[in-house]
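Just dropping this structure here.
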Amino acid sequence: MGEEKVTKSTAEISLSGFVIEPEDAERMARESGAATVEDLLPSLVPAAMRLVRAPISRFPVGAVGLGFSGRIYVGVNLEFEGLPLNHSVHAEQFLISNAAAAGEAGMRCIAVSSVPCGHCRQFLQEVRGAPEIRILVTADGPNAAFRTISSLLPRPFGPPDLLHKGVPLLLEIHDNDLGAIPEANGGDATCNGGGAVGIDRRLRTAAEAAARAAHAPYSACAAGFAVGDGKGRVYAGSYAESAAYNPSLSPVQAAMVAMVAAGGEEEVVAAALVEKDKAVVSHESTARIFLAAVAPGAHLSVYRYRPSDVV
Ligand code: THU
Ligand code: ZN
């Protein structure tokens, strides 16, 4: 009886998207014979691994996490040919960015195909209660168990070293003050003919919403990036800073997460960046480098906001 349960709950299950609603998660757990949704997570990892975009390493990493809401979020690694390796997105970062975009409030536990690297252990510190989030590594085999992040990173450097207690962390509500946002530099946004004007406006709106939701407590330079494809679909991502700076996820990477999570396959034709005027941390050059390699024909509009408390 017990043995049968183990066999069922470790069987592979297919995925239909990058977010699973709580009712579906419960149903999948029941159908697979897993005792809880948490126990279902490891059996979703192989399906997540099939969704990666890793043309450089060909090393697939799949991660699935259970949020406070009961939703399950999927994360995969992304690599970009023609760009330095630091543009890559780790599966764990994808998962958190995906959860943040869905308005998730916190993470209970994560199952991941291989052991999280130091960069991910550090990035995860941006989530409140990170030391208590539990992680299971499926590569550990049938006896793999959930262990706390604090067992993987026992003496962390993190948000408490730099921030006051009340500052919202990643997966908490952010509503950054963007003040006034003038038209894009050079006025390009209004100079495109026909349908392009429509997409430019939608890109700006999406990038603005992403900038409002960004986690940028260390630089106070909230930013959002949006890309649009040839079919007029728009995908936006929020900048997510790390206390250790380098593991930060750029708004450009976050927009790629949103595009992959939404199943976007089309070529990017236009993009918009919303960032602070005279930002001490700017993403414009990164965005241009990224677009030149990944979508050379894409047009970029940059909108620079002035927070209302800056005169
Ligand atoms: N990778 C992850 O996605 N997570 C980790 O923590 C380990 C490494 C990815 C990054 C890169 O795409 C590939 O695995 C090889 O490092
Ligand atoms: Zn990593």
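Every number in this text was worked out from the coordinates using simple rules, so none of it is lab data. Here the structure is a predicted model, which is why all the values come from computation and not from measurement. Positions of Cβ are generated from backbone atoms using ideal geometry, with glycine treated the same way; all protein chains shown enter the neighbour counts.
Where does helix 251-261 land angle-wise versus the long Cα axis of the chain, in degrees 0 to 90, nearest 10?
50
Nothing charged except the Cβ atoms of Lys and Arg (+1) and of Asp and Glu (-1): what's the magnitude of the dipole of the range 194-305 about its Cα centre? Round to the nearest 20 debye. Mind dumping the intermediate values first?
On the way: 10 positive and 10 negative charges, 56 e Å.
It comes to approximately 260 debye.
Determine Rg/Rh for the range 10-162; Rg is computed over alpha-carbon atoms and Rh is the Kirkwood hydrodynamic estimate from the same atoms. Numbers along the way, then the final one.
Values: Rg = 14.8 Å, Rh = 15.5 Å.
Across the range 10-162, the Cα-based Rg/Rh ratio is 0.95.
How far is helix 91-101 tilted, in degrees, relative to the longest principal axis of the Cα atoms in the chain, given as a value from 0 to 90 rounded to the nearest 10?
Tilt of helix 91-101: around 60 degrees.
Based on Cβ point charges of +1 for Lys and Arg and -1 for Asp and Glu, what charge dipole magnitude is obtained for the chain about its Cα centre, in debye rounded to the nearest 20?
So the magnitude is around 280 debye.
Which value at 222 nm does the chain reach when only helices count, each DSSP H run of 4 or more adding -39,500 (n - 2.57), with the total divided by all residues and rounded to the nearest 500 deg cm²/dmol? Mind showing how you got there, number by number?
Values: 10 runs with 97 residues, N = 311.
For the chain, the value works out to -9000 deg cm²/dmol.
With the contact rule set at Cα under 8 Å and sequence spacing of 6 or more, what percent relative contact order holds for the range 194-305? Intermediate results must be reported in sequence, preceding the final value.
On the way: 239 pairs, mean separation 29.0, N = 112.
Once divided by the residue count of the range 194-305, the mean separation gives 26 percent.
Further, regarding this structure: Once Rh for the range 86-232 is found with the Kirkwood sum over Cα pairs, what is the Stokes-Einstein diffusion coefficient at 37 °C and 0.692 mPa s, in µm²/s?
Details: Rh = 17.7 Å.
So the translational diffusion coefficient is about 185 µm²/s.
Plugging the Kirkwood radius over Cα pairs into Stokes-Einstein for the range 194-305, at a temperature of 10 °C and a viscosity of 1.306 mPa s, what D comes out in µm²/s? All intermediate terms of the calculation are to be shown ahead of the outcome.
Numbers: Rh = 13.6 Å.
Once the numbers are plugged in, D ends up at 117 µm²/s.
Same structure again: Could you calculate the FRET efficiency of ARG288 with SER16 from 1/(1 + (r/R0)^6), where r is the beta carbon distance between them and R0 is 30 Å, rounded to 0.05? Let's see the in-between values first.
Details: r = 35 Å, r/R0 = 1.18.
For R0 = 30 Å, the calculated efficiency reads 0.25.
If the convex hull of the alpha-carbon atoms of the chain is projected onto planes in all directions, what is the mean projected area in square nanometres? Present the calculation step by step, with values, prior to reporting the outcome.
Working: hull surface 64.8 nm².
Computing the convex hull of the Cα atoms and averaging its projections yields 16.2 nm².
Lys/Arg Cβ at +1, Asp/Glu Cβ at -1, dipole of the chain taken about the Cα centre: which of VAL45, LEU85, GLY70 is farthest positive-ward?
With unit charges placed on the Cβ atoms, the residue in question is LEU85.
Okay, next question. Quick one: dipole size for the range 10-162, taken about the Cα centre, charges +1 on Lys/Arg Cβ and -1 on Asp/Glu Cβ, in debye to the nearest 20.
On the way: 12 positive and 16 negative charges, 58 e Å.
Taking the Cα centre of the range 10-162 as origin, the dipole is about 280 debye.
Here is a further query. Separation between the ARG58 and ILE173 pseudo-spin-labels, each 7 Å from Cα along Cα→Cβ, expressed in nm?
My value for the distance between the label points is 4.9 nm.
Next up: To the nearest 0.05, how large is the calculated FRET efficiency for SER151 and GLU183 if R₀ is 45 Å and r is the Cβ-Cβ distance?
Here the calculated transfer efficiency is 0.30.
Taking 25 Å as R0, compute the FRET efficiency from the Cβ-Cβ separation of ASP161 and ALA220 and round it to 0.05.
Working: r = 17 Å, r/R0 = 0.68.
About 0.90, to the nearest 0.05.
What is the list of residues in the range 219-251 whose amide nitrogen lies under 11 Å from a point 7 angstrom out from the Cα of ALA209, following Cα to Cβ?
Answer for this model: 234-237.
Return, for the Cα atoms of the range 76-126, the radius of gyration and Dmax in Å, separated by a comma.
In order Rg, Dmax, the Cα atoms of the range 76-126 give 11.8, 36 Å.
Find me the longest stretch of the chain that has none of the exposed chymotrypsin sites (Phe, Trp or Tyr not before Pro), where exposed means in a DSSP loop (not H, G, I, E or B) with at most 14 other Cβ atoms within 10 Å. Present the calculation step by step, with values, prior to reporting the outcome.
Working: sites that count: PHE68, PHE157, TYR245.
The reported range is 69-156.
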